[in-house]
């Protein structure tokens, strides 16, 4: 295990976990997930640790998600269960963090995407800065919002979460707070002072003492996007985007044009399904099965090739249009198990 990828420190009442894989934007590999799990288990009942902080050694990124190249390699050499193992561990970790008995604080400074949201987006106190860039961009590599991202997206105001899920749209600090991905904004230059305060003061007292920050651009409001995003299916949604005169609609259409058609259709259905699930653990169970289905499709390997390996940004999707995606195939993903469940819940309502 390469423990140098994560720094563990204990000062005063604060236990600090610092991600330290800057060249990979702190993308989570199996060693990092194991280290995080071991540390959180050890600190759970340690009376000397009153607050846990998760942050990054790099100002560029909190965590850009899972190590997708490594996942592809595991999938090719070990099959589906091996390829799905990083997702399994990441989702279980997200559940642990959401239910942790001690206050957990995350500094989502810089890039926080995909699995990075699973690490920092479900804890009790979530701080973003003026450098924060949050997103769930999975449809671009033929996956779907995961690590509990679809839970947050399905609870965002109006249809704003659906828009973010389909486009992989990037949120600034204000947009992240409005969407429910973060709680407070703090200037990046104050993070050291906040860290120091957490070593000797209760986390809630420190959070309540933070002054408000001027808001950043909020983007289009929920009323503006509703007539487009309340479409019954992806073909109709794209038609509405094409007919809409606003610049944001053109940008959304461009973003979806880069995404995998099957993933778009599945993400639309999964977002609506997640709204009916009662809690994060049930949504994590749904996400895990959806990801396992998608890992078996050729689109995933092709998306990784086009976006991360060859970087030609010219994936050949199958099918290559949303109107060619069969509803039966989407339903099979939503209602069938592809891998052994995570075991977070006894049975999801839609899988009984």
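Select from segment 71-87 the residues that are touching a helix residue (DSSP H, G or I) at 6+ places or on another chain (Cβ under 8 Å) and closer than 19 Å to residue 287 by Cα and list them in ascending order.
71, 72, 75, 80, 82, 83, 84, 85, 86, 87
Could you say which residue among 251, 221, 233, 192 is modelled with pLDDT under 95 and surrounded by fewer than 18 Cβ atoms within 10 Å (Cβ to Cβ)? Step through it out loud before you land on a result.
On the way: 251 fails: modelled with pLDDT under 95; 233 fails: modelled with pLDDT under 95; 192 fails: modelled with pLDDT under 95.
Checking each option against the conditions leaves just 221.
To keep it simple, each residue is scored yes or no on (1) part of a helix (DSSP H, G or I); (2) more than 26 Å from residue 17 (Cα to Cα).
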{"residue": "154", "(1), (2)": "yes, yes"}
{"residue": "157", "(1), (2)": "no, yes"}
{"residue": "163", "(1), (2)": "yes, yes"}
{"residue": "181", "(1), (2)": "no, no"}
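Among the residues of segment 204-218, are any modelled with pLDDT of 95 or more, under 23 Å from residue 99 (Cα atoms) and touching a strand residue (DSSP E or B) at 6+ places or on another chain (Cβ under 7 Å)?
Within segment 204-218, one or more residues are modelled with pLDDT of 95 or more, under 23 Å from residue 99 (Cα atoms) and touching a strand residue (DSSP E or B) at 6+ places or on another chain (Cβ under 7 Å).
Would you mind listing the helices (runs of 4 or more DSSP H) fully within segment 191-248 where at least 1 residues are in contact (Cβ under 8 Å) with a residue 24 or more places away in the chain, over 25 Å from residue 178 (Cβ atoms) and not assigned by TED's automatic domain parsing to the domain that holds residue 104?
On the way: elements: 191-198, 203-208, 222-229, 234-243.
In segment 191-248, the matching helices (runs of 4 or more DSSP H) lie at 234-243.
Any idea which of 214, 202 is within 26 Å of residue 157 (Cβ to Cβ) and surrounded by fewer than 18 Cβ atoms within 10 Å (Cβ to Cβ)?
214
Can you tell me which residue in segment 111-135 is modelled with the lowest pLDDT, limited to those that are touching a strand residue (DSSP E or B) at 6+ places or on another chain (Cβ under 7 Å), buried (at least 24 other Cβ atoms within 10 Å of the Cβ) and assigned to a loop (DSSP other than H, G, I, E, B)?
It comes out as 114.
Among the residues of segment 290-302, how many are assigned to a helix (DSSP H, G or I) and either without any contact (Cβ under 8 Å) to a residue 60 or more places away in the chain or over 18 Å from the mean Cα position of the chain (by Cα) (or both)?
Number of matching residues: 5.
Looking only at segment 252-271, how many residues end up being without any contact (Cβ under 8 Å) to a residue 40 or more places away in the chain and either touching a helix residue (DSSP H, G or I) at 6+ places or on another chain (Cβ under 8 Å) or not in a helix (DSSP H, G or I) (or both)? I'd like the intermediate steps shown before the answer.
Taking segment 252-271 and keeping what is without any contact (Cβ under 8 Å) to a residue 40 or more places away in the chain, we get 253-254, 257.
Still in the running and either touching a helix residue (DSSP H, G or I) at 6+ places or on another chain (Cβ under 8 Å) or not in a helix (DSSP H, G or I) (or both): 253.
Final tally of qualifying residues: 1.
Which number in (1) under 23 Å from residue 155 (Cβ atoms); (2) in contact (Cβ under 8 Å) with a residue 40 or more places away in the chain marks the one condition that residue 187 misses?
The one condition residue 187 does not meet is (1).
The values are calculated or read from the model by the stated rules, or taken from the named source; none is laboratory data. What you see is a predicted model; the values in this text were computed from it and never measured. As a convention, Cβ positions derive from the backbone with ideal geometry for all residues, glycine included, and neighbour counts pool all protein chains shown.
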